[in-house]
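The values are calculated or read from the model by the stated rules, or taken from the named source; none is laboratory data. From a predicted model like this one, the values you see are computed outputs, not experimental measurements. Cβ: placed from backbone, ideal geometry, glycine included. Neighbour counts: every protein chain shown.
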Amino acid sequence: MNTDYHRIGLNVYLVIVLAHWAEHVAQAVQIYVMGWPVPEARGVLGGPFPWLVTSEWMHYGYALVMLAGLLLLRRGFTGRARTWWTISLGIQVWHHLEHLLLLLQALTGNNLLGRPVPTSLIQLLVPRVELHLFYNAIVFAPMVVAMWLHRRPSPAERAAMTCRCAPAAA
């Protein structure tokens with residue numbers, strides 16, 4: 001995965017991440033531009049499949065896919081790009097733990113601090129829609145920096161690369 005197939009793996013992963021972003025952006029537009037109530041703002045896929053928005057299994061599954069992708073693709077990065085990718089991974093570990101907490105509450109029916117719905121730790125301070133926009137942004141930003149640097153390595157980083165993601169040196 002981190003040699004001949006690293007570039008295709010990164011591209012597939014990026015498509016998955018961007019599709020997820022599109023869902024969150026669509027939901028934000030529905031709430032803040034179109035004025036829809038939060039329960040009715042379900043993004044693109046949540047319209048025809050409303051259970052997707054309320055399924056903690058689906059949200060946890062995506063958090064796990066994000067974590068797995070960041071872990072699986074990490075070895076292909078070197079130098080500065082690896083540092084930024086690792087920052088994204090660290091943030092996603094926390095995001096994953098928050099989704100695990102939500103899933104456990106949904107499965108057991110024991111919600112945090114007696115709340116009526118499953119609630120993450122930071123959600124005690126920030127509403128869920130805004131919190132997940134924030135989480136996805138702070139995972140995505142260092143990932144983009146990592147991909148940018150990975151395609152433009154320094155000579156030392158290029159020498160350490162095991163993949164062919166960067167164009168040939170001029």
Problem set entry | Residue selected from region 73-107 under the condition over 27 Å from Val29 (Cα atoms), part of a helix (DSSP H, G or I) and of a type in the set (Ser, Thr, Tyr), by the criterion farthest from the chain's Cα centre (by Cα) | Thr83
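Restricting to region 108-122, name every residue that is without any contact (Cβ under 8 Å) to a residue 12 or more places away in the chain and either in a helix (DSSP H, G or I) or closer than 23 Å to Trp36 by Cα (or both).
Thr108, Leu113, Gly114, Pro116, Val117, listed by residue number.
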For this session: For residues that are among the β-branched types (Val, Ile, Thr) and modelled with pLDDT of 95 or more, scanning just region 123-165, find the one that is nearest to Leu89 (Cα to Cα).
Result: Val139
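Is there a residue in region 98-107 that is among the aliphatic types (A, V, I, L, M) and under 17 Å from Leu133 (Cα atoms)?
Yes, the conditions are met somewhere in region 98-107.
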Problem set entry | Top-ranked residue in region 2-40 [being among the acidic types (Asp, Glu) and assigned to a helix (DSSP H, G or I); ranked as surrounded by the fewest Cβ atoms within 10 Å (Cβ to Cβ)] | Glu40
Problem set entry | Answer residue from region 47-95, given it is hydroxyl-bearing (Ser, Thr, Tyr) and closer than 26 Å to Thr119 by Cα and is modelled with the highest pLDDT among those | Ser88
Seminar exercise, completed: The correct count of residues that are in contact (Cβ under 8 Å) with a residue 60 or more places away in the chain, surrounded by 13 or more Cβ atoms within 10 Å (Cβ to Cβ) and under 20 Å from Gly69 (Cβ atoms) in region 134-170 is 13
